[in-house]
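> What follows is a single structure, and I will ask about it in a moment.
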Amino acid sequence: MFTMSNDDFSVHLRDCDEVGSGIPVTSLPDEVTSLDDLPCACWDKFDSIDEVE
């Protein structure tokens with residue numbers, strides 16, 4: 001469901017155009033506790049982290 005960027009290890013939605021190449025991951029890292037921890041615009045369609053998980 002998610003992709004971790006090879007460049008900076010940021011997490012993106014699988015269909016994000018900005019991520020480039022990356023590593024598929026099935027869950028968000030433990031360090032992600034809010035949408036503020038996910039700086040890419042691909043997360044803008046969510047209102048809270050609860051909607052993502």
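> If the label point is 7 Å along Cα→Cβ of Ala41, which residues in region 1-31 have backbone nitrogen under 16 Å from it?
Flagged as within label range: 12-13, 15-20.
> Under the rule of at least 5 residues apart or a separate chain, name every residue whose amide H is placed under 5 Å from the amide H of Val25.
Long-range HN contacts for Val25: Phe2, Thr3, Met4.
> Based only on Cα atoms, what mean projected area does the convex hull of the chain have, in nm²? Mind dumping the intermediate values first?
Details: hull surface 13.3 nm².
The directionally averaged projection comes out at 3.3 nm².
> Want the number for Thr33 to Asp50: 0.36 nm per residue separation, take away the alpha-carbon distance, what's left?
Details: separation 17, 0.36 × 17 = 6.12 nm, distance 0.96 nm.
Answer, rounded to one decimal: 5.2 nm.
> In deg cm²/dmol and to the nearest 500, what is the mean residue ellipticity at 222 nm of the chain if only DSSP H runs of at least 4 residues count, each as -39500 (n - 2.57), divided by the residue total? Intermediate results must be reported in sequence, preceding the final value.
Values: 1 runs with 4 residues, N = 53.
Dividing the helical sum by the residues of the chain leaves -1000 deg cm²/dmol.
Values quoted throughout were computed directly from the atomic coordinates according to the rules given, and no laboratory measurement underlies them. No experiment lies behind these values; they were computed from the predicted model shown. FYI the Cβ positions are ideal-geometry reconstructions off the backbone, even for glycines, and counts take in every protein chain you see.
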